[in-house]
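**Q** There's a structure below that I have some questions on.
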Amino acid sequence: MELSLGSLPFGLDFHPSDQLVAAALITGDLHLYRYNADSPPQKLLDLHAHEESCRAVRFVNGGQAMLTGSTDRSILATDVETGATIARLEDSHEDAIYSLINVTESTVASGDDQGCIKVWDTRQRTLCNSFDAHEEYVSDMTFAADAMKLLGTSGDGTLSVCNLRKNTVQTRSEFSEEELTSVVLMKNGRKVVCGSQSGTVLLYSWGYFKDCSDRFVGLSPNSVDALLKLDEDRVITGSENGLISLVGILPNRIIQPIAEHSEYPIESLALGFGRYIKRFRK
């Protein structure tokens, strides 16, 4: 499947239970498509969601709504069926929103360009937590449900661990020499895997976040901008040189290249009905 979006995409997400994919564009527009293996994608919605770049999109509330975050600092909830605005949080952050993830069925987390992470209740439309976790942009986040910990990576080269129960930044790693770009939990929560601007993949052991316990230096000479967990032992990586690879973790090895996207960076990966889709700059 290939989509011609017309403008630079910054974010994408698959619907949790239907063959729908949403894309967030640099123009502030939000696109929604229905896809099928046997026919071309069908555009269902084309909305001007934000006045500035739409950087991130997530399906929320069981797929009933799409949530978008923008450089205009607003978060918008849009009805999937009708395209109508459900709610808009103006000035939700003090700086441009960079990243957005689902935390639970009714909460999401947003990260901005100045390192602030906020957790929101999507049904009550209220702020649950706020953390001054980093000194630069929050590149990615992931959630450890059993521990109620939210982990974030940043352009400042650190990994943060935010305790949602205590509403505190529990710890932050030592500064690494490169920007951290992405993060996933693997090995049944025992390992935190981070991509970096140098192409090195950093592994942290759970509970020992100050310094990484292992480094995978043979993956790519280019920035590893996207990580997508396939299972507890394998992760799909997207690199600045356009290469998508299947990688094993502990033992660290490149299992096989999956695809490449010409000379354009792979900045985001998502799974939907057993398939993956890639996003790139052009």
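**Q** Can you run down the residue pairs with Cβ atoms below 8 Å, 6 or more apart or on separate chains, where the first is in region 103-114 and farther than 16 Å from C54 by Cα and the partner is basic (K, R) and assigned to a loop (DSSP other than H, G, I, E, B)?
**A** That search, which allows pairs on different chains as well, returns S106/R123.
**Q** Under 8 Å by Cβ, and 6 or more places apart or on different chains, what pairs join a residue from region 60-78 that is touching a residue at least 60 places away in the same chain (Cβ under 8 Å) with one that is in a strand (DSSP E or B)?
**A** V60/M66; V60/L67; V60/A77; V60/N102; V60/V108
**Q** In addition: Are any residues in region 33-64 open to solvent by less than 80 Å² (accessible area, probe 1.4 Å), in a strand (DSSP E or B) and under 25 Å from D113 (Cα atoms), and if so, which ones?
**A** Answer for region 33-64, where residues must be open to solvent by less than 80 Å² (accessible area, probe 1.4 Å), in a strand (DSSP E or B) and under 25 Å from D113 (Cα atoms): L47, C54, R55, A56, V57, R58, F59, V60.
**Q** Separate question: Evaluate the following for L203: is it part of a strand (DSSP E or B) and either open to solvent by less than 30 Å² (accessible area, probe 1.4 Å) or in contact with a helix residue (DSSP H, G or I) (Cβ under 8 Å, 6 or more places away or on another chain) (or both)?
**A** It is true that L203 is part of a strand (DSSP E or B) and either open to solvent by less than 30 Å² (accessible area, probe 1.4 Å) or in contact with a helix residue (DSSP H, G or I) (Cβ under 8 Å, 6 or more places away or on another chain) (or both).
**Q** I'd like the full set of residues that are surrounded by 18 or more Cβ atoms within 10 Å (Cβ to Cβ) and not in a strand (DSSP E or B), limited to region 243-264.
**A** I249, H261
**Q** Could you list, in sequence order, the residues of region 187-196 that are of a type in the set (G, A, S) and open to solvent by 10 Å² or more (accessible area, probe 1.4 Å)?
**A** G189 - this is the single residue of region 187-196 that is of a type in the set (G, A, S) and open to solvent by 10 Å² or more (accessible area, probe 1.4 Å).
**Q** Among (1) in contact with a strand residue (DSSP E or B) (Cβ under 8 Å, 6 or more places away or on another chain); (2) closer than 20 Å to L250 by Cβ; (3) of a type in the set (F, W, Y), which single condition is F143 missing?
**A** (2)
**Q** To continue, here is another question. Residues in region 159-173: is at least one within 26 Å of E240 (Cβ to Cβ), at pLDDT 95 or above, under 19 Å from the mean Cα position of the chain (by Cα) and of a type outside the set (G, A, S)?
**A** For region 159-173, residues within 26 Å of E240 (Cβ to Cβ), at pLDDT 95 or above, under 19 Å from the mean Cα position of the chain (by Cα) and of a type outside the set (G, A, S): present.
**Q** Here are some residues: L246, L227, L269, L219. Which one is touching an Asp or Glu at 6+ places or on another chain (Cβ under 9 Å) and hydrophobic (A, V, I, L, M, F, W, C)?
**A** L227
The values are calculated or read from the model by the stated rules, or taken from the named source; none is laboratory data. Please read these numbers as outputs of a predicted model, since none were measured by experiment. Neighbour counts run over all protein chains shown; Cβ positions are idealised from the backbone, glycine included. All accessible areas refer to the heavy atoms of the entire protein, side chains included, with ligands and DNA or RNA removed. Shrake-Rupley method; radii C 1.70, N 1.55, O 1.52, S 1.80 Å.
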